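Data first, discussion second: the structure below is written as structure tokens.
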Amino acid sequence: MASQDRPLRRGWTTGTCATAAAKAAYTALLTGEFPDPVEVSLPRGGRPAFALATTARGEGSATAGVIKDAGDDPDVTHGALILATVKRGAPGSGVSFRAGEGVGMVTRAGLPVPPGEPAINPVPRQMLREAIDEVAAANGEAADVVVEIAIPGGEALAAKTLNGLSLIH
């Protein structure tokens, strides 16, 4: 907890960390190299850089992970590993999202994301799409990918939030 003698230390949202991981993974999928650190654009301006905590390349996919630093915000995901795995999608499919381990699915109407979709809010979805578009344009590729976001241990973290009582499971 921050003392009253100093301002709160700012941190990053889960969506920003997921965006950094996805951008690094897609870059590696296209170029064979993971950028480390990786920069992302924030909705209100700025381009912070994130160190990668883990990387892996698979058959037709790449995965990168960023450790979330929530600053002085008492966020249950502080210190969690946020993973993104990127695979090529069908031509013309654009960017689609999948929920990996620890990421909930919207089960009922009432949220800005429709039922049956991963519980990734609209602003992080836009950030993810813009980062994928940036990498695609820089490499002369179409931004047709599947992005899977995972938070190992996320089910246990969600139990400490209102998600267990809400429209997300």
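Tell me, please, whether a residue that is modelled with pLDDT under 95 and among the β-branched types (V, I, T) can be found in region 128-144. The answer is no; no qualifying residue exists.
The set of residues in region 116-133 that are surrounded by fewer than 22 Cβ atoms within 10 Å (Cβ to Cβ) and closer than 12 Å to L42 by Cα comprises V123, P124, Q126, E130.
Residues checked against (1) of a type in the set (D, E); (2) out of contact with any strand residue (DSSP E or B) (no Cβ under 9 Å at 6 or more places or on another chain):
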{"residue": "M105", "(1), (2)": "no, no"}
{"residue": "G110", "(1), (2)": "no, yes"}
{"residue": "V113", "(1), (2)": "no, no"}
{"residue": "E117", "(1), (2)": "yes, no"}
{"residue": "I120", "(1), (2)": "no, no"}
{"residue": "P124", "(1), (2)": "no, no"}
{"residue": "L128", "(1), (2)": "no, no"}
{"residue": "A137", "(1), (2)": "no, yes"}
{"residue": "A143", "(1), (2)": "no, no"}
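For region 92-106, indicate whether the set of residues that are at pLDDT below 90, part of a loop (DSSP other than H, G, I, E, B), over 21 Å from R129 (Cβ atoms) and among the acidic types (D, E) is non-empty. No, region 92-106 contains no residue that is at pLDDT below 90, part of a loop (DSSP other than H, G, I, E, B), over 21 Å from R129 (Cβ atoms) and among the acidic types (D, E).
Checked against (1) part of a strand (DSSP E or B); (2) free of Cβ contacts under 8 Å to residues at least 40 places away in the same chain; (3) surrounded by 15 or more Cβ atoms within 10 Å (Cβ to Cβ), K87 passes all but condition (2). Restricting L52, L30 to residues that are of a type in the set (A, V, I, L, M, F, W, C), surrounded by fewer than 24 Cβ atoms within 10 Å (Cβ to Cβ) and not in a helix (DSSP H, G or I) narrows the list to L52.
Here region 61-84 is the region considered, the condition is being assigned to a loop (DSSP other than H, G, I, E, B) and crowded, with 19+ Cβ neighbours inside 10 Å, and the residue that is modelled with the lowest pLDDT is A70.
The values are calculated or read from the model by the stated rules, or taken from the named source; none is laboratory data. Computed from a prediction, not measured in an experiment: that's the story for all the values here. Neighbour counts are summed over all protein chains in view; Cβ atoms, including those assigned to glycine, are modelled from backbone coordinates with ideal geometry.
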